[in-house]
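To start, the structure under review is shown below, and the notes come after it.
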Amino acid sequence: MNCALCGSETVEFSVTEKRVYYQCTHCDGIGMDPSYFLSNIDEKNRYDTHNNDVTDIGYQNFVSPIVNSIIEEYKKEHKGLDFGSGSGPVITSMLRNIGYNITTYDPFFDPNTKALDQTYDYIACCEVMEHFYNPNQEFKLLHSLLQEKGSLYCKTYLYNESIDFNSWWYKNDPTHVFFYTQKTLNWIKTNYQFNDLSVSDKLICFKK
């Protein structure tokens with residue numbers, strides 16, 4: 001199959017957990033064969049099992065790299081978007097509690113399409129990009145939603161060659177359908193015309 005991100009040729013990468021994965025020969029992204037994608041109903045049912053309590057301290061600590069970066073770089077009057085905010089929009093809750101102006105969007109739990117008609121100073125995308133059935137379409141959208149010099153803050157677990165993919169816990173969630181390497185992120189930066197990319201073990205940030 002062709003890569004869902006860049007459209008290039010892929011090669012079979014892994015057959016595990018009764019699912020087939022392909023890796024792109026160009027951007028290095030790893031995608032699940034679409035025949036294994038869940039239906040919309042099954043996907044939502046899977047998300048409903050998540051315990052996304054906005055008051056949970058562990059959950060707050062998990063998203064804190066994004067929240068802290070937003071607080072450091074933006075003021076309360078700047079416009080933000082929590083993209084893929086889920087059933088418990090903890091980033092939005094934490095920022096609104098201190099007066100920040102942030103909007104939510106989630107295709108399952110908050111399909112607020114009006115939010116996609118505006119542009120934003122910053123976008124939070126926490127544990128979302130691995131769920132993209134069509135990452136090319138989604139990153140085009142995210143880039144278009146950012147104002148000039150805006151920031152896209154992402155959080156996902158990157159794959160690298162030191163990881164045994166077949167035993168990697170992160171791929172076991174059936175809604176995790178696309179995985180990224182450092183090379184994949186570099187491709188996204190270049191091809192969606194972001195001006196800067198910074199990557200740490202806790203945070204990925206694209207700057208427009």
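Please verify whether region 159-174 includes one or more residues that are within 11 Å of the chain's Cα centre (by Cα) and hydroxyl-bearing (S, T, Y). Scanning region 159-174, I find no residue that is within 11 Å of the chain's Cα centre (by Cα) and hydroxyl-bearing (S, T, Y), so the answer is no. Check region 192-199 and report whether any residue there is without any contact (Cβ under 8 Å) to a residue 40 or more places away in the chain and within 23 Å of T49 (Cβ to Cβ). No; the residues of region 192-199 include none that is without any contact (Cβ under 8 Å) to a residue 40 or more places away in the chain and within 23 Å of T49 (Cβ to Cβ).
So that you can scan it fast, the table gives a plain yes or no per residue for (1) more than 19 Å from Y159 (Cβ to Cβ); (2) in contact with a helix residue (DSSP H, G or I) (Cβ under 9 Å, 6 or more places away or on another chain):
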residue: S8; (1), (2): no, no
residue: F13; (1), (2): no, yes
residue: K18; (1), (2): yes, yes
residue: H26; (1), (2): no, yes
residue: K44; (1), (2): yes, no
residue: I57; (1), (2): yes, no
residue: S87; (1), (2): yes, yes
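At pLDDT 95 or above and under 15 Å from the mean Cα position of the chain (by Cα) - does that describe any residue in region 116-123?
First, pick out the residues of region 116-123 that are at pLDDT 95 or above: 116-123.
From what is left, the residues that are under 15 Å from the mean Cα position of the chain (by Cα) are 122-123.
Yes, the conditions are met somewhere in region 116-123.
Looking only at region 175-188, residues that are outside any loop (DSSP other than H, G, I, E, B), surrounded by 16 or more Cβ atoms within 10 Å (Cβ to Cβ) and either without any contact (Cβ under 8 Å) to a residue 24 or more places away in the chain or under 14 Å from the mean Cα position of the chain (by Cα) (or both) come to 5 in all.
Looking only at residues in region 1-49 that are of a type in the set (S, T, N, Q) and in contact with a Ser or Thr (Cβ under 8 Å, 6 or more places away or on another chain), the one that is surrounded by the most Cβ atoms within 10 Å (Cβ to Cβ) is T10. When we screen K208, K140 for residues that are of a type in the set (K, R) and closer than 23 Å to V63 by Cβ, the only hit is K208.
Checked across region 14-21, the condition of being among the polar types (S, T, N, Q), part of a helix (DSSP H, G or I) and modelled with pLDDT of 95 or more holds for no residue. Applying a threshold of 7 Å to beta carbon distances and a minimum spacing of six or more residues, or different chains, the list of pairs starting in region 9-37 at a residue that is under 14 Å from L185 (Cα atoms) and ending at one that is in a strand (DSSP E or B) and open to solvent by 80 Å² or more (accessible area, probe 1.4 Å) is empty.
The values are calculated or read from the model by the stated rules, or taken from the named source; none is laboratory data. Predicted model, so just to flag it, every value in this text is computed and none were measured. When we count neighbours, we look across all protein chains shown, and the Cβ atoms used for this are built from the backbone with ideal geometry, even at glycine. Side chains included, ligands, DNA and RNA excluded: accessible areas come from the protein's heavy atoms. Shrake-Rupley method; radii C 1.70, N 1.55, O 1.52, S 1.80 Å.
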